[in-house]
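**Student:** Below: one structure in structure tokens.
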Amino acid sequence: MRILRTYFLKEFIGPLFIAFSVLTFVMILGNLIKITDLIINKGVDIVSVFKLFLFMMPALIKYTLPIAVLGGVLLSLGRLSNDNEIIAIRASGINLINLTLPLLIVSLILSLILVVFNDRVIPYAHYASRKTLIDIGIKNPAAVLEPGIFINSFEKYTLFIYQIEQNKLTNIRIYEPQGEGKPTRTIIAKRGEFVCLPEKTVKLKLIDGTSDESDPNNPANFYKVNFKNYFLTLNLSQERNRKEIEKKPKDMTIQELNANISILKKKGINPVPLITEIHEKIALAFSCFVFILLGIPMAIITKRREKSINFGIAFLIVGVYYLLLIGSEALSLQGYLNPEIAMWIPNIILGTSGAILLYKLCAY
């Protein structure tokens, strides 16, 4: 029995690492495109980009590890089942539960590790990545601005830029609200570029455009002024000027979330979003255990050793899981279900299905 358990465990560990490496590499590759764009097209320094890349990594592991566990068990037990090794073992009177127990224990250990990882490492990395992005924005504002959307990153002004290439801007519109009941001041320019200044201010050089200027006789009205060059000083929003950026729920540990929940309750504010975040962290971590509980009987039933088919089954299961998770989160945030129940629905459904299938396999 001990030899067979070790054999099952060794067969599982190899595909687990392969699946984890492949999935992580694929997700890194997707982020590398954005990272490369920051360096080549937007001129961000390599050190800042490397820091941003490192801080993105933990968030990938939160998703790739559970999927790799599922893929690993489907690949390993699928091969054993296809080679009729499972049938031979069961014919000798050995219960599958005893053989697959090490796999369940490993998945449980990985889930507990992921609980700590989701609670400590990922919030820190997420918060650090936000700070890094703000630092990049201070040094090179064009790097973090997106064309084709309204930008509210600067005090007093709202910007709309049609095209951004490195530090060069094309077709710029700047709006300065004057208050309720008063017309909004508008500045339009064909081209422009950012010039960084000390103390978290940015000078915007505008080229070939028109500007609304106050009428000295009637300050509530504007008249149009054409210009060749126009310099506008933009102050970063108050959030960016703070030494400590306010944390979002995804930046908080469970302890910090619980502290904020207590504060909100004292103020009579519903803390459902924070409670949802806590249970989402833990439920996602235990998806490792749920996936292997479902993956064991699925691998034995399907009897497939082809990697493409097993990965296809894995992604189908994962797709169902995350659709259930998104739906459960919506039910929780809208108040239809308690977060303590809602965020565990995917684990309960898939875990129960896996346990029933495994029980039936062992019963025959």
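The values are calculated or read from the model by the stated rules, or taken from the named source; none is laboratory data. What you see is a predicted model; the values in this text were computed from it and never measured. Methodologically, a virtual Cβ is constructed for each residue, glycine included, from the backbone with ideal geometry; neighbour enumeration extends over all protein chains shown. Surface areas here come from the heavy atoms of the whole protein model, side chains and all, with no ligands, DNA or RNA. Shrake-Rupley method; radii C 1.70, N 1.55, O 1.52, S 1.80 Å.
**Student:** Across the range 310-326, what is the number of residues that are of a type in the set (Val, Ile, Thr) and open to solvent by 40 Å² or more (accessible area, probe 1.4 Å)?
**Tutor:** Total satisfying the criteria: 2.
**Student:** For the range 80-127, what are the residues that are among the basic types (Lys, Arg) and over 23 Å from the mean Cα position of the chain (by Cα)?
**Tutor:** If the condition is that a residue be among the basic types (Lys, Arg) and over 23 Å from the mean Cα position of the chain (by Cα), then Arg90 is the only one that fits.
**Student:** Another one. Restricting to the range 43-71, name every residue that is surrounded by fewer than 17 Cβ atoms within 10 Å (Cβ to Cβ), touching a residue at least 12 places away in the same chain (Cβ under 8 Å) and more than 20 Å from the chain's Cα centre (by Cα).
**Tutor:** Gly43, Asp45
**Student:** Please enumerate the residues belonging to the range 99-142 that are at pLDDT below 80, more than 30 Å from Ile254 (Cα to Cα) and among the hydrophobic types (A, V, I, L, M, F, W, C).
**Tutor:** Answer for the range 99-142, where residues must be at pLDDT below 80, more than 30 Å from Ile254 (Cα to Cα) and among the hydrophobic types (A, V, I, L, M, F, W, C): Ile138, Ala142.
**Student:** Given the options Lys360, Lys307, name the one that is under 24 Å from Ile105 (Cα atoms) and either charged (D, E, K, R) or buried (at least 17 other Cβ atoms within 10 Å of the Cβ) (or both). Spell out how you get there, then give the answer.
**Tutor:** Details: Lys307 fails: under 24 Å from Ile105 (Cα atoms).
It is Lys360.
**Student:** Determine whether the range 72-90 contains at least one residue that is among the β-branched types (Val, Ile, Thr), over 24 Å from Ile300 (Cβ atoms), at pLDDT below 90 and open to solvent by less than 10 Å² (accessible area, probe 1.4 Å).
**Tutor:** no
**Student:** Where in the range 143-221 are the strands (runs of 3 or more DSSP E), entirely inside, with at least 2 residues that are farther than 24 Å from Ile35 by Cα and at pLDDT below 85?
**Tutor:** Ranges flagged: 185-197, 201-215.
Condition check ((1) touching a residue at least 24 places away in the same chain (Cβ under 8 Å); (2) more than 30 Å from Leu96 (Cβ to Cβ); (3) in contact with a Phe, Trp or Tyr (Cβ under 9 Å, 6 or more places away or on another chain)) across all residues:
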| residue | (1), (2), (3) |
| --- | --- |
| Ala283 | yes, no, yes |
| Leu323 | no, no, no |
| Glu329 | yes, yes, no |
| Gly354 | yes, no, yes |
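**Student:** All but one of (1) closer than 30 Å to Ile87 by Cβ; (2) surrounded by 19 or more Cβ atoms within 10 Å (Cβ to Cβ) hold for Glu329; which doesn't?
**Tutor:** Among (1) closer than 30 Å to Ile87 by Cβ; (2) surrounded by 19 or more Cβ atoms within 10 Å (Cβ to Cβ), Glu329 violates only (1).
**Student:** Answer with yes or no whether Val26 is among the aliphatic types (A, V, I, L, M), touching a helix residue (DSSP H, G or I) at 6+ places or on another chain (Cβ under 9 Å) and outside any helix (DSSP H, G or I). Spell out the reasoning first.
**Tutor:** Values: among the aliphatic types (A, V, I, L, M): yes; touching a helix residue (DSSP H, G or I) at 6+ places or on another chain (Cβ under 9 Å): yes; outside any helix (DSSP H, G or I): no.
When the stated conditions are applied, Val26 does not pass them.
**Student:** Can you tell me which of Phe12, Phe8 is within 21 Å of Val318 (Cα to Cα), part of a helix (DSSP H, G or I) and open to solvent by less than 70 Å² (accessible area, probe 1.4 Å)?
**Tutor:** One residue alone meets the criteria, Phe12.
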